[in-house]
Amino acid sequence: MFDYLIVGAGFAGSVLAERLATRSNKKVLIVDKRSHIAGNAYDHYNEEGILVHKYGPHIFHTNSKDVFEYLSNFTDWRPYEHRVLASVDGQLVPMPINLDTINKLYGLNLNSFEVEQFLESQAEEVPVIRTSEDVVVSKVGRQLYEKFFRNYTRKQWGLDPSELDKSVTSRVPTRTNRDDRYFTDTYQAMPLHGYTRMFERMLEHPNISIMLNTDYHDIIDFIPFKEMIFTGPVDEYFDFKFGKLPYRSLEFKHETLNTENALAAAVVNYPNDNLYTRITEFKALTGQKHPKTSLVYEYPKAEGDPYYPVPQPQNAELYSKYKKLADETPGVHFVGRLATYRYYNMDQVVAQALTLYKKLTEKTEEATTKLPPITGSTSIIDKIVKRAPSKE
Ligand code: FAD
Ligand code: UDP
């Protein structure tokens, strides 16, 4: 008998498994249909012995001291500040757009004050900023928007920025100084021995059992548990009752080159050329020394594993129907990027999972103090198992 069945061994599922097992002495079964733990953050040594991220580059950054301290229980860190170059007009220039980007692109020698004026002269007036196009044209104008954002976004999402919520391109700031870091968060670091090692340490506990290569549908009728934590796609859980929620997918093409270093930055973005959006050189992220180097190319796809929820008003509306249903489903808790349909970074998922843990424990404490014990065949377990969906 497990206290919790956790579907998905990514950040959401693993944080909850760790907390419930070590802090609340709960017996937890965590299942994942993949052959490994760590979800999309999974990394491994490839055939050449280079540490690579199977599902694209994962760079840890957060402003949350709590999240950083929590993860520090399971890993040491390698300080790392991420920098990206964009290939535009035959040049490699800093992205996010900053003072050096403008000077290099236009052959100018502006200072911070002058570049601010330059951007102001380019910016379009947008009364209400709603879309991902609005965000950019209102800050840097149409020309820079077209050079850096329009085509990248069309490629990445299969949608024009004018069709996407402002939150998407708002992830990338504009700067008038020379700061060329991709993120400005207080904590920026990579797990010293990789993400998978960190997850192994999180899940190393006698109260935690792990089943890989297992779709939860295949075991749900056979393994007794009290409550479920679900971190997969929420629409799939409810058999697409209200229709499919769109997710954007990617194909990752990995390559190892017989050279020590290949790119001018850890990541190079290609807004206007090629079918891929960006190339990543893993050794730049991990600091690994090796005579060869491994890269990954990201090719956006409509079909395939769900990686990105698509921030559009109609999708938010559809999700709200699933959310209502999820909130009304007793004994099942939905958490994580796919289960709450949010374009969340790793740290946000960790924070969300820690919040759910708090809620669950508060609930348990309340239940044990206020409610009479559940006995015999009226057990809550029977009800939940019957209520949970099966493949048939
Ligand atoms: P996931 O990691 O997706 O875990 C869900 C798990 O559930 C999966 O392993 C899946 O196999 C399993 N599952 C689903 N359905 C079932 C089922 N029916 N039965 C059993 N198991 C099931 N974030 C950052 O902070 N920094 C970055 O640089 C960054 N880069 C990214 C790059 C890419 C290309 C992508 C796609 C994401 C990136 N992210 C980044 C986001 C990060 O990957 C997520 O925030 C985080 O991994 C989400 O964790 P999760 O547990 O919610 O979901
Ligand atoms: N973006 C862009 N050009 C770039 C980088 C980003 O147009 O050179 C837009 C694009 O829509 C992208 C979004 O900004 O999907 C968010 O970028 P981020 O690098 O945060 O994407 P992620 O790492 O989540 O794929």
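The values are calculated or read from the model by the stated rules, or taken from the named source; none is laboratory data. Nothing here was measured: the structure is a model prediction, and the numbers come from that model. Don't worry about glycine lacking a Cβ; one is built from the backbone with ideal geometry, like all the others, and counts go over all protein chains shown. Each accessible area value is taken on the protein alone, full model and side chains, heavy atoms only, with ligands, DNA and RNA left out. Shrake-Rupley method; radii C 1.70, N 1.55, O 1.52, S 1.80 Å.
Restricting the search to helices (runs of 4 or more DSSP H) fully inside the stretch 64-143 and requiring at least 2 residues that are closer than 30 Å to Glu18 by Cβ gives 65-71. Identification of strands (runs of 3 or more DSSP E) wholly contained in the stretch 195-312 with 1 or more residues that are of a type in the set (D, E, K, R) yields 225-230, 247-257, 278-281, 293-301.
Within the stretch 182-194, residues that are of a type in the set (D, E, K, R) sit with their Cβ atoms under 7 Å from residues that are in a loop (DSSP other than H, G, I, E, B), at 6+ positions apart or across chains, in these pairs: Asp185/Asn63.
Within the stretch 130-162, the set of residues being of a type in the set (Asp, Glu) and within 11 Å of ligand 2 (Cβ to nearest atom) comprises Glu133, Glu146, Asp160. Within the stretch 81-91, the residues that satisfy the criterion of being surrounded by fewer than 19 Cβ atoms within 10 Å (Cβ to Cβ) and more than 24 Å from Lys289 (Cβ to Cβ) are Asp89, Gly90, Gln91.
Considering the conditions (1) surrounded by 15 or more Cβ atoms within 10 Å (Cβ to Cβ); (2) within 13 Å of ligand 1 (Cβ to nearest atom), Lys301 is excluded by exactly one of them, (1). The residue that is surrounded by the fewest Cβ atoms within 10 Å (Cβ to Cβ), counting only those in the stretch 325-345 that are within 16 Å of ligand 2 (Cβ to nearest atom) and touching a residue at least 40 places away in the same chain (Cβ under 8 Å), is Tyr343.
Scanning the stretch 1-37 for residues that are more than 22 Å from Phe334 (Cβ to Cβ) and either open to solvent by 30 Å² or more (accessible area, probe 1.4 Å) or touching a Cys at 6+ places or on another chain (Cβ under 9 Å) (or both) returns Met1, Thr22, Asn25, Ser35.
Considering the conditions (1) out of contact with any Lys or Arg (no Cβ under 7 Å at 6 or more places or on another chain); (2) over 30 Å from Val310 (Cβ atoms); (3) open to solvent by 10 Å² or more (accessible area, probe 1.4 Å), Ile102 is excluded by exactly one of them, (3).
Criterion first (of a type outside the set (D, E, K, R), open to solvent by less than 20 Å² (accessible area, probe 1.4 Å) and more than 26 Å from Ala265 (Cβ to Cβ)) does Thr131 satisfy it? When the stated conditions are applied, Thr131 passes them. Within the stretch 214-231, does at least one residue satisfy the condition of being within 11 Å of ligand 1 (Cβ to nearest atom), in contact with an Asp or Glu (Cβ under 8 Å, 6 or more places away or on another chain) and open to solvent by 10 Å² or more (accessible area, probe 1.4 Å)? Yes, the stretch 214-231 contains at least one residue that is within 11 Å of ligand 1 (Cβ to nearest atom), in contact with an Asp or Glu (Cβ under 8 Å, 6 or more places away or on another chain) and open to solvent by 10 Å² or more (accessible area, probe 1.4 Å).
Of everything listed in (1) part of a helix (DSSP H, G or I); (2) surrounded by fewer than 19 Cβ atoms within 10 Å (Cβ to Cβ), the single unmet condition for Tyr322 is (2).
Of all the criteria given as (1) away from ligand 2 (no atom under 16 Å from the Cβ); (2) in contact (Cβ under 8 Å) with a residue 60 or more places away in the chain; (3) touching a strand residue (DSSP E or B) at 6+ places or on another chain (Cβ under 9 Å); (4) open to solvent by 70 Å² or more (accessible area, probe 1.4 Å), the one not satisfied by Phe242 is (3). Taking every residue in the stretch 295-308 that is within 17 Å of Tyr341 (Cα to Cα) and pairing it with any residue that is in a loop (DSSP other than H, G, I, E, B) and away from ligand 1 (no atom under 11 Å from the Cβ), at least 6 positions away or on another chain, the pairs with Cβ-Cβ distances below 7 Å are Ala302/Gly158.
Considering only the stretch 137-193, state which residues are of a type in the set (Val, Ile, Thr) and either open to solvent by 10 Å² or more (accessible area, probe 1.4 Å) or closer than 19 Å to Leu250 by Cβ (or both). Matches in the stretch 137-193: Thr153, Val168, Thr169, Val172, Thr174, Thr176, Thr184, Thr186. Across the stretch 38-80, the qualifying residues are those that are within 25 Å of Tyr216 (Cα to Cα) and open to solvent by 20 Å² or more (accessible area, probe 1.4 Å), and the one among them that is farthest from ligand 2 (Cβ to nearest atom) is His44. Taking the numbered list (1) touching a Lys or Arg at 6+ places or on another chain (Cβ under 9 Å); (2) open to solvent by less than 20 Å² (accessible area, probe 1.4 Å); (3) more than 13 Å from ligand 2 (Cβ to nearest atom); (4) closer than 22 Å to Phe252 by Cα in turn, Val267 passes all entries but (3). In the stretch 167-194, the residue that is nearest to the chain's Cα centre (by Cα) out of those that are within 14 Å of ligand 2 (Cβ to nearest atom) and either outside any loop (DSSP other than H, G, I, E, B) or modelled with pLDDT under 95 (or both) is Arg171.
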